[in-house]
1. Roughly what % of DSSP beta bridges within the stretch 86-212 run antiparallel, to the nearest 5?
2. Treat each spin label as a single point 7 Å out from the Cα along the C-beta direction, and report the Ser61 to Lys160 distance in nm.
3. Any idea what the dipole of the stretch 62-108 comes to, in debye rounded to 20, about its Cα centre with Lys/Arg Cβ at +1 and Asp/Glu Cβ at -1?
4. Near Ala47, within a Cβ-to-Cβ distance under 12 Å, what is the net charge of the other residues, with Lys and Arg +1 and Asp and Glu -1?
5. As an exercise, use a Förster radius of 25 Å and the Cβ-Cβ distance of Arg234 and Phe77 to find the FRET efficiency, rounded to the nearest 0.05.
6. Given a 1.4 Å probe and heavy atoms of the protein chains only, how would you sort Cys300, Cys279, largest accessible area at the top?
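The values are calculated or read from the model by the stated rules, or taken from the named source; none is laboratory data. From a predicted model like this one, the values you see are computed outputs, not experimental measurements. Positions of Cβ are backbone-derived with ideal geometry, glycine not excepted, and every protein chain shown enters the neighbour counts. Remember, those area values only see protein heavy atoms, side chains included, never the ligands or the DNA or RNA. Shrake-Rupley method; radii C 1.70, N 1.55, O 1.52, S 1.80 Å.
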Amino acid sequence: MTDDARTGLGPVGIWTFAYEGHPAGRVRESAAELEELGYGAIWHGEAFGRDTVGQAWLLLSATRRITVASGIANIAFRDPIATAGATRTLGEAFPGRYLLGLGGHRVDDTVHLVDGYPVPARGRALATMRAYLDAMDATPAHGPVPDPAPRRVLAALGPKMLRLAAERTWGAHPYFVPVEHTAQARTIMGPDSFLGVEQAVVLDTDLGRAREVATAHVAGYVAMAPHQQANVRRLGFGDEDITGGPSRRLVDAIVAYGDTETIRRRVRDHLDAGADHVCLQVLSADQTALPEREWRELACALIAPSPAQHPSRPATPPSPPNRGIARQYTAERAGRTSVAGAAGPGPEHVPDLESASGPWQAHAA
């Protein structure tokens, strides 16, 4: 594989739980628009709406080029043989376009309730995930075997899980992390592994209102997700940042809120810290609504349209002054050593980034 597999996702994607509550036809329309806007990937969570396989099939069948990624498929919800079979089916039906993200392991065997339902646990995180990957790899294939094989990533936060992701899969998909974690993850995993980082954002120039939405998001995770709390403690946040509600320092580190320029700087910071791809989770006061206005505004701010999206435009349009950062991103990724895996098709676009210095989900501990 060449490094095109990593740059093929593009620097910017969308992460969303919002599709959970909407009918299939509405989801198809929205996914097709995200592809037309030029995003490189659609990442979808898994809770108590559509299962991850059904959601992936719905999104893939509604689009032509964009990568669809589970962010994540919860390993406590299905046996390895079921995940292996479903992944092969998706890979064979949509060659090179499905990315399997695995997670759901816990810091311990504690059973947590969500809407009164006990979410199953599978044991200690590292041993559980290693055994799950072993079982997937050992599952016989009695049907078509996709070529290329679908790529896999792990929802990895801690150093041991990040190393396992680098050793056994295409890379890592950290969730609910500040830029400092991205830099640490790149150091731990080395230069060759894919690093696709989720970044929560609130696009609202009323900073007080935006901060309220951001604070509610962070508060939910530190209260209900022990692995996320453990991770922010590893990064230097203490009781004063967590107990009694998240501190302003923690909220600002986890969520980028404000105008498009603020969000663009945060994306640039993650890329500078070593991320290959940043998937934006748009937050709002109404988490059941599709944030389509925000997705459109962010696409205008972050993504340079390609001739394929706008056939009437010349094949080589004049570059605005800040396109140099986009070319720098592509050149940096092209200079890395490649990893084993399969390259999937991606939109022919680069981010229009200017220079800068700097609902509950179970992800890895």
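1. Numbers: 3 of 12 bridges.
Percent antiparallel among DSSP bridges in the stretch 86-212 is about 25.
2. Those two pseudo-labels are separated by 4.1 nm.
3. On the way: 6 positive and 3 negative charges, 52 e Å.
Approximately 260 debye in magnitude.
4. Details: positive: Arg50; negative: Glu20, Glu46, Asp51, Asp115.
Once positives and negatives cancel, what remains is -3.
5. Details: r = 27 Å, r/R0 = 1.07.
Approximately 0.40, to the nearest 0.05.
6. Values: Cys300 110, Cys279 0 Å².
Order by accessible area, largest first: Cys300, Cys279.
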